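The values are calculated or read from the model by the stated rules, or taken from the named source; none is laboratory data. This structure is a prediction, so every number in the text was calculated from the model and none was measured. Here the Cβ is made from the backbone with ideal geometry for all residues, glycine too, and neighbour counts use every protein chain on show. Heads up: the accessible areas ignore ligands, DNA and RNA and are worked out on the full protein's heavy atoms, side chains in. Shrake-Rupley method; radii C 1.70, N 1.55, O 1.52, S 1.80 Å.
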Amino acid sequence: MTTTASAATAPFWNRQQPSPMPSHRYTDVFSRVEVPLTERTWPNARITEAPLWVPVDLRDGNQALAEPMDPARKRRFFEMMVRIGYTEIEVGYPSASQTDYDFVRLIATSDIAPENVTIVVFTPARRDLIERTVQSIRGIRNPVVIHMYTATAPMWRDVVLGRDRSELLDLILQGGRDVLEFAGDLPNVRFEFSPEVFNLTEPEFALEVCDGMTDLWEASEDRPVILNLPATVEIATPNVYADQIEFMHRNLARRDAVILSVHPHNDRGTGIACAELAVLAGAQRVEGCIFGNGERTGNVDLATLALNLHAQGVNPMIDFSDIDDVRRVVEHSNRIEVHPRHPYVGDLVHTAFSGTHQDAIRKGFAEHRERAAAEGVDEREAAWRVPYLPVDPADLGRSYDAVIRVNSQSGKGGIAYLLETEYGVELPRRAQVDFSRHVQRHTDATGDEVSAAELWAVFTRVYLRPARYAVREIDTDEHGTTARIVGGDGTEVRASVEGGPVEAVLAALGSAAAGIEVLSLHQTSIGRGADADALTLLEYRSPAGMGWAAGRHRSTVTATALAVLTAAS
């Protein structure tokens, strides 16, 4: 294998070697398109409000499905998007299929679209398809956007369209004139243009085409034109896309009459970053799909984008407070399951298996409760600062049940958290350390995740083990405590002492308790409310070493006596 210069000049600690992959077949973005911006302002910008979100699931997402949505699935998806707050929705490609055409007609002839929702329809720059698209929207009372697109990048011009720049500009402008001819007189209709593959188009040509369209369509502040600049196939790091968007933002004619929109795909896995940096660079509108469905690796994920803002203290303008309901609709309509690690919505995104993470989360929850109480506010209103959880799962309609789950990677904090949340049992720290060793042996042996019920079974086996003696009576008064215990052979012994139940039981056991020294006692409960049992955890030293034992009873005194008997056994 030939060593490349990068391997030859690498520091001694980097021992990577070139792979056999034919990377020489590809060129970087700077060899393919000019990126003219050198003085940029977007790195110093901040996102302080949500852009206009425009879901394209019913068009761009739908055309990427192995089984496109039937009318019922489309309607359910549309109604969900309206319910959670989307006010501009691309509903279809009516010239491409009868199903899409019929769905647009359903909107025209029914009341499924509230009056505040703008309907977007998609068409290529071809006269007959534009005419059919306009026919589909006739009668819609809502605001409507006709979205026309044409690919503009050199590879598409040369390989797909067979036109030079001048010829392509003429084709696009003719499409724009056709839109005006068929829909220019409709007062509720605005226009959108996408130079498809914008991110691989020469910047000056993209600017020329876009300015030509806003001039043709007479863009104005009261009837603005949407210029949508897609990263149709993601080809560079997100900062390059941001530079391209800022170049357009700063150089477009009639900028005040333009709504600058972006449409990132996710081929490099950085669609989210592209969208966020594009907004910093001047974009006002973002097209994408909920949870990121779309061709190849998908469109940018609008849910993640919105909830990223939520996690920064910016209102996302979309209601994901029941995110699992949204997921059910999306999975049903797309026939694609959401990955368990998908940001915010995946089954495991709020879950910690690691012991260090679990301990930090458990302490974070405790601090959160205490701070909310001290401030006199509801826990749902208190500022959120729990380690490893960027947002409160309750904000998304999630419970805390799955936040901490135990397996062989878990530690004492997670184990204690599950026992406390499921059974109300609070373990002191040294008991946590001791119990975690027993759980570790169990998980190492099984290799499985451990449920709260299994944890309780291990706890019962280890600490609530049967004793050789039973409590007949524990009587405490102002003079001390009397203990009556009975052995396995029925022999009863009795002792009265000035101390408490620990001293009385040890005295009754006599020589059977030789060497037992109680080091600490911890009272907790099993369950909550009137039906809770008392649980005594007892740390002791015996000739065999240090250990823990427990006793359970409705009476705290009897529970303590039972813990002593277990230790002595």
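When the Kirkwood radius is taken over all Cα pairs of the stretch 481-520, what Stokes-Einstein diffusion coefficient follows at 37 °C and 0.692 mPa s, in µm²/s?
On the way: Rh = 10.4 Å.
The calculation lands on 315 µm²/s.
By how many degrees, between 0 and 90 and to the nearest 10, does the Cα long axis of helix 98-109 differ from the longest principal axis of the chain?
For helix 98-109, the angle is close to 90 degrees.
Just the accessible area for Met155, please: 1.4 Å probe, Å², rounded to the nearest 10?
For Met155, the solvent-accessible surface is approximately 100 Å².
Note down the magnitude of the dipole of the chain about its Cα centre, charges +1 on Lys and Arg C-beta and -1 on Asp and Glu C-beta and zero elsewhere, to the nearest 20 debye.
Here the size comes out at about 1480 debye.
Once the Cβ-Cβ distance between Val486 and Glu517 is put in as r, and R0 is 30 Å, what FRET efficiency do you end up with, to the nearest 0.05?
Values: r = 24 Å, r/R0 = 0.80.
The value I calculate is 0.80.
For the stretch 86-185, with only Lys/Arg (+1) and Asp/Glu (-1) charged at the beta-carbon, what is the dipole magnitude about the Cα centre, in debye rounded to 20?
120 debye
Identify, among Phe30, Ala416, Phe247, the residue whose Cα sits farthest towards the positive end of the charge dipole of the chain, taking +1 on the Cβ of Lys and Arg and -1 on the Cβ of Asp and Glu, with the dipole about the Cα centre.
Ala416
With every atom except the alpha carbons ignored, what do you get for Rg and Dmax of the chain, in angstroms?
33.9, 108
Determine the per residue accessible area of the chain with all protein chains present and a 1.4 angstrom probe, expressed in square angstrom.
47 Å²
Would you mind getting me the FRET efficiency between Glu381 and Thr87? Use the beta-carbon distance for r and R0 = 30 Å, nearest 0.05.
For Glu381 and Thr87, the calculated efficiency is 0.65.
Measure off, as a whole percent, the carbon and sulfur share of the 1.4 Å-probe accessible area of the stretch 29-107, all protein chains present.
Its accessible area is 45 percent carbon and sulfur atoms.
How far apart, in nm, are two points set 7 Å out from the Cα along the Cα-to-Cβ line at Arg554 and at Thr356?
Label-label distance for Arg554 and Thr356, simple model: 4.8 nm.
Evaluate the distance, in nm, between pseudo-label points positioned 7 Å from the Cα of Met546 and of Thr99 along their respective Cα→Cβ axes.
Once both label points are built, they end up 6.6 nm from each other.
Among DSSP bridges having both ends in the stretch 143-277, what percentage is antiparallel? Round to the nearest 5.
Details: 1 of 18 bridges.
Bridges in the stretch 143-277 are about 5 percent antiparallel.
Would you mind telling me the antiparallel percentage of the DSSP bridges in the chain, rounded to 5? Show your work: numbers first, answer last.
Values: 35 of 70 bridges.
Just about 50 percent of them are antiparallel.
Using 0.36 nm times the number of residues separating Asp533 and Arg430, minus their current alpha carbon distance, what extension gain do you get?
34.9 nm
Using DSSP loop states and a limit of at most 10 other Cβ atoms within 10 Å to flag chymotrypsin sites (Phe, Trp or Tyr not before Pro), what is the longest stretch of the chain containing no flagged site?
Answer from the scan: 27-569.
How large is the Kirkwood hydrodynamic radius of the stretch 69-207, counting all unique pairs of alpha carbons, in Å?
The answer is 15.9 Å.
Report the convex hull volume per residue for the stretch 1-78, counting only C-alpha atoms, in Å³.
Each residue corresponds to 299 Å³ of Cα convex hull volume.
What is the calculated FRET efficiency for Asp185 to Asp128, with r their C-beta to C-beta distance and R₀ = 22 Å, to the nearest 0.05?
0.65
Which angle from 0 to 90°, rounded to the nearest 10, does the C-alpha axis of helix 412-423 make with the longest principal axis of the chain?
Approximately 80 degrees, to the nearest ten.
Sort Glu115, Glu196, Glu375 from largest to smallest accessible area, using a 1.4 Å probe on the heavy atoms of the protein chains.
Glu115, Glu375, Glu196
Along the charge dipole of the chain, which of Phe103, Gly313, Ala10 sits closest to the positive end, that is, farthest toward it, with unit charges on the beta carbon of Lys, Arg, Asp and Glu (+1, +1, -1, -1)?
Going by the charge dipole, the pick is Ala10.
In degrees between 0 and 90, to the nearest 10, how far off the longest principal axis of the chain does helix 556-568 point, with axes built from Cα atoms?
80 degrees
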